[in-house]
Amino acid sequence: MASRAASRVLSLRVDEELWGRIRAHAARRGMSVQDYVVRALVRDDFDQRFMASVEETDRFYAAAAPGMAPPPAPGADPVPGAAAEGGRGGLADRGQTRPNAGIR
């Protein structure tokens, strides 16, 4: 017999318009509203934990190489103007890579 993880009850109050959109999204995916909302929460939680680990990795590598410039902010141009000057842009132009290169 497979064991199930402990669960808790979460009660939410949402307006009618949001409720309708959530139901429509769930129906398009063939899911119950509960499953859809839980999946959305799990996905958001994963994204937050992933970004925290990327930031921790960035801090680790920045501490390991104190003379190097800090990594760019998420979504920022890693090498401002490099693409406009005919370069490929990004960290590859500086001969280095980051663990999250290409992941958005």
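Quick notes
- Contact map, the stretch 6-29: residues that are assigned by TED's automatic domain parsing to the domain that holds Ala40 paired with residues that are part of a loop (DSSP other than H, G, I, E, B), Cβ distance under 9 Å, separation 6+ or inter-chain. Pairs shown: Ile22/Val14; His25/Met31; Ala26/Ser32.
- Annotation note: of Gly67, Gly95, Gly30, Gly86, the sole residue that is at positive phi, surrounded by fewer than 12 Cβ atoms within 10 Å (Cβ to Cβ) and at pLDDT 60 or above is Gly30.
The values are calculated or read from the model by the stated rules, or taken from the named source; none is laboratory data. Because the structure is a prediction, the values reported are computed rather than measured. Heads up, the Cβs are rebuilt from the backbone with ideal geometry, glycines too, and the neighbour counts pull from every protein chain shown.
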